[in-house]
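Asks: Here you go, one structure.
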Amino acid sequence: MNEITEKRLVVFTSQSLRQYGIRAVRMDDIAHNMAISKRTIYEIYASKDNLINTCLESYLNRIENLFHIIRYNSSESLICLWKIAKAYIENLYKAECAFWLDVEQCLEYKYIYAAYNRIWSAELSRTIVACQEEKYIINNLNIQLFLESFTTLLYNARITGCLPTMLHCSAYYMLRGIMTNQGIELFEEKKKLR
């Protein structure tokens, strides 16, 4: 299998997993839709789990690139924090509930949420620290505890079928709740300009 076909396979599989859920996607369907033999797929990936892991690695690399773009395009750390929070929510909605329910309910796929949450929490944490240095976020915040609550609330709201606007409102008020007066003033001022 050449590199282009392999990339197409990862893209197609990723889309199928997000659209139908992990348990619903079968290697037979992937092979049929990609017009390659199942044997060829198994020669490269050995198992469905290996293919899923390759899709996850590809996703994590794309998210790292997204973080670089957000940082580059954000003049203020506080605005960067809001953009990352919005991107987190948007990414939750790039997959259907069937995918998230498989991740939630199947023990063998829980690592996917752990990897997903780890990369987002690390970036949110870095950005919160930058905001604290600029006096936009309260200094005595337990960042790890806050992010655990923040990401868990948004994730659970997503898998229960809440609308994206509800998650955006929740994220807005949770972030506003950890800001200093200086942070709130800047945040409200920048939001008016958008």
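Asks: For region 136-150, which positions are of a type outside the set (S, T, N, Q) and either closer than 23 Å to W100 by Cα or under 16 Å from the mean Cα position of the chain (by Cα) (or both)?
Replies: The answer is L145, F146, L147, E148, F150.
One line per residue, one yes/no per condition, for (1) in contact with a helix residue (DSSP H, G or I) (Cβ under 8 Å, 6 or more places away or on another chain); (2) of a type in the set (K, R); (3) under 17 Å from F150 (Cα atoms):
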| residue | (1), (2), (3) |
| --- | --- |
| S75 | no, no, no |
| K86 | yes, yes, yes |
| L107 | no, no, no |
| Y111 | no, no, no |
| W120 | yes, no, yes |
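Asks: Do you know which residues across region 84-100 are buried (at least 18 other Cβ atoms within 10 Å of the Cβ) and without any contact (Cβ under 8 Å) to a residue 60 or more places away in the chain?
Replies: I84, W100 - these are the residues of region 84-100 that are buried (at least 18 other Cβ atoms within 10 Å of the Cβ) and without any contact (Cβ under 8 Å) to a residue 60 or more places away in the chain.
Asks: While we're on this one: Yes or no: region 116-124 includes at least one residue that is farther than 28 Å from S75 by Cβ, assigned to a helix (DSSP H, G or I) and of a type in the set (D, E, K, R).
Replies: Looking for residues that are farther than 28 Å from S75 by Cβ, assigned to a helix (DSSP H, G or I) and of a type in the set (D, E, K, R), one finds none in region 116-124, hence no.
Asks: Any chance region 176-189 includes a residue that's under 18 Å from A87 (Cα atoms) and among the acidic types (D, E)?
Replies: no
Asks: Regarding N73, is this residue exposed (fewer than 15 other Cβ atoms within 10 Å of the Cβ) and farther than 26 Å from K110 by Cα? Steps first, please.
Replies: Details: exposed (fewer than 15 other Cβ atoms within 10 Å of the Cβ): yes; farther than 26 Å from K110 by Cα: yes.
Answer is yes for this residue.
Asks: On to the next question. Go through region 72-100 and report how many residues are within 24 Å of L163 (Cα to Cα) and over 15 Å from the mean Cα position of the chain (by Cα).
Replies: Qualifying residue count, region 72-100: 3.
Asks: Which members of region 73-98 meet the condition of being part of a helix (DSSP H, G or I) and more than 25 Å from I184 (Cβ to Cβ)? Give the derivation first.
Replies: Taking region 73-98 and keeping what is part of a helix (DSSP H, G or I), we get 77-92, 97-98.
Result: N91, L92, C97, A98.
Conditions (1) more than 17 Å from the chain's Cα centre (by Cα); (2) modelled with pLDDT under 95; (3) among the hydrophobic types (A, V, I, L, M, F, W, C), marked per residue:
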{"site": "V129", "(1), (2), (3)": "yes, no, yes"}
{"site": "E134", "(1), (2), (3)": "yes, no, no"}
{"site": "T152", "(1), (2), (3)": "no, no, no"}
{"site": "A157", "(1), (2), (3)": "no, no, yes"}
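Asks: Of everything in region 149-194, what is closer than 22 Å to A115 by Cα and among the charged types (D, E, K, R)? Give them in sequence order.
Replies: Hit for region 149-194 is R158, nothing else.
Asks: I need a count of the residues in region 101-110 that are without any contact (Cβ under 8 Å) to a residue 24 or more places away in the chain and surrounded by 14 or more Cβ atoms within 10 Å (Cβ to Cβ).
Replies: Residues meeting the conditions: 0.
Asks: Just name the residue that is surrounded by the fewest Cβ atoms within 10 Å (Cβ to Cβ) out of those in region 122-174 that are free of Cβ contacts under 8 Å to residues at least 12 places away in the same chain and of a type in the set (A, V, I, L, M, F, W, C).
Replies: L145
Asks: If you don't mind, another one. State which residue pairs qualify: first residue of a type in the set (A, V, I, L, M, F, W, C) and inside region 12-28, second residue part of a loop (DSSP other than H, G, I, E, B) in any location, beta carbons under 6 Å apart, and separation of 6 or more residues or different chains.
Replies: What qualifies is L17/V25.
Asks: Another question, then. Within region 19-52, count every residue that is part of a helix (DSSP H, G or I) and among the small types (G, A, S).
Replies: Number satisfying all stated conditions: 1.
The values are calculated or read from the model by the stated rules, or taken from the named source; none is laboratory data. Just so it is clear, the structure is predicted and the values come from calculations on it, not from any experiment. We place every Cβ from the backbone using ideal geometry, glycine too, and count neighbours over all the protein chains shown.
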